[in-house]
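Structure record follows, encoded as C-alpha cells.
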Amino acid sequence: MKKNETKSEIHERGMENRRSVLGDTHVNKAIEGTTDFNEFFQDLITRYAWGEIWDRPGLDRRTRSLLTLSMMIARGHDGEFEIHIRAAINNGVTVEEIKEVILHSAVYCGLPAANHAFQLATNILKELGEL
C-alpha cells in the first residue's frame with residue numbers, strides 16, 4: 001500500500017494489474033458474476049492480491065507467475081492453475097519454463113500432481129497456440 005492511498009485507489013491499481021495479468025476476458029467474466037453474496041470477496045482479491053501483493057516491487061511478474069504455478073500444483077488447485085498458465089504466458093514465461101516448473105514439482109509435489117499438471121497445461125497451451 002502506498003502512503004495515503006485510499007481503498008478505491010488500491011482497487012483501481014489492482015484492477016489494472018488483474019486485467020494485465022489475467023486478461024480482460026477472464027476479469028470481465030469474474031466481474032459479471034459478482035453478486036451481493038461474493039461482492040466483498042471480489043473487492044478483496046482485487047485490492048489485496050492484485051493491488052498489493054502482485055504490485056510489490058520485490059519480484060517481477062514472470063517470477064510471481066512461476067511461483068504461482070508451483071503453488072497451484074502443490075495445492076491441487078486445477079482451475080487456478082489453468083488460469084495462471086494463461087497469466088504466465090501473458091507475463092512472458094516460456095513454454096520451456098512452464099515445463100521445468102512442472103518437472104520440478106514432480107520431485108516436491110509428487111509424480112501424480114506433475115502428471116496432472118502436464119495434462120492441464122498441455123490443454124491450455126494448445127488452446128493458446130503455444131503447442
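A few comments on the model shown:
- Selection count, the stretch 119-131, where residues are part of a helix (DSSP H, G or I) and either of a type in the set (D, E, K, R) or in contact with a Gly (Cβ under 8 Å, 6 or more places away or on another chain) (or both): 2
Rundown of residues vs (1) more than 21 Å from Leu69 (Cβ to Cβ); (2) in contact with a Pro (Cβ under 7 Å, 6 or more places away or on another chain); (3) in contact (Cβ under 8 Å) with a residue 12 or more places away in the chain, yes/no style:
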| site | (1), (2), (3) |
| --- | --- |
| Thr6 | yes, no, no |
| Arg13 | yes, no, yes |
| His26 | no, no, yes |
| Asp36 | yes, no, no |
| Phe40 | yes, no, no |
| Leu44 | yes, no, no |
| Trp50 | no, no, yes |
| Arg56 | no, no, no |
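- Filter pass, Gly58 being surrounded by fewer than 16 Cβ atoms within 10 Å (Cβ to Cβ) and part of a helix (DSSP H, G or I): no
- One residue from Thr46, Thr35 being in a helix (DSSP H, G or I) and at pLDDT 95 or above: Thr46
- Matching option when the condition is touching a residue at least 24 places away in the same chain (Cβ under 8 Å) and either touching a strand residue (DSSP E or B) at 6+ places or on another chain (Cβ under 6 Å) or part of a helix (DSSP H, G or I) (or both), among His84, His116: His116
- Within the stretch 93-117, the set of residues being among the hydrophobic types (A, V, I, L, M, F, W, C) and more than 17 Å from the chain's Cα centre (by Cα) comprises Leu103, Ala106, Val107, Cys109, Leu111, Ala113, Ala114.
- Close Cβ contacts (under 6 Å, 6 or more residues apart or on different chains) running from residues in the stretch 87-107 that are assigned to a loop (DSSP other than H, G, I, E, B) to residues that are at pLDDT 95 or above comprise Asn91/Arg61; Asn91/Arg62; Asn91/Ser65; Gly92/Arg62; Val93/Arg62; Val93/Ser65.
- Any hit, the stretch 18-35, residues being more than 23 Å from Ile85 (Cβ to Cβ) and loosely packed, with under 11 Cβ neighbours inside 10 Å: yes
- Scope the stretch 52-71; condition in contact with a His (Cβ under 6 Å, 6 or more places away or on another chain) and under 18 Å from Val27 (Cβ atoms); matching residues: Thr68
The values are calculated or read from the model by the stated rules, or taken from the named source; none is laboratory data. Not measured: the values here are computed from a predicted model. Cβ sites come from the backbone with ideal geometry, for glycine too, and all protein chains shown count toward neighbours.
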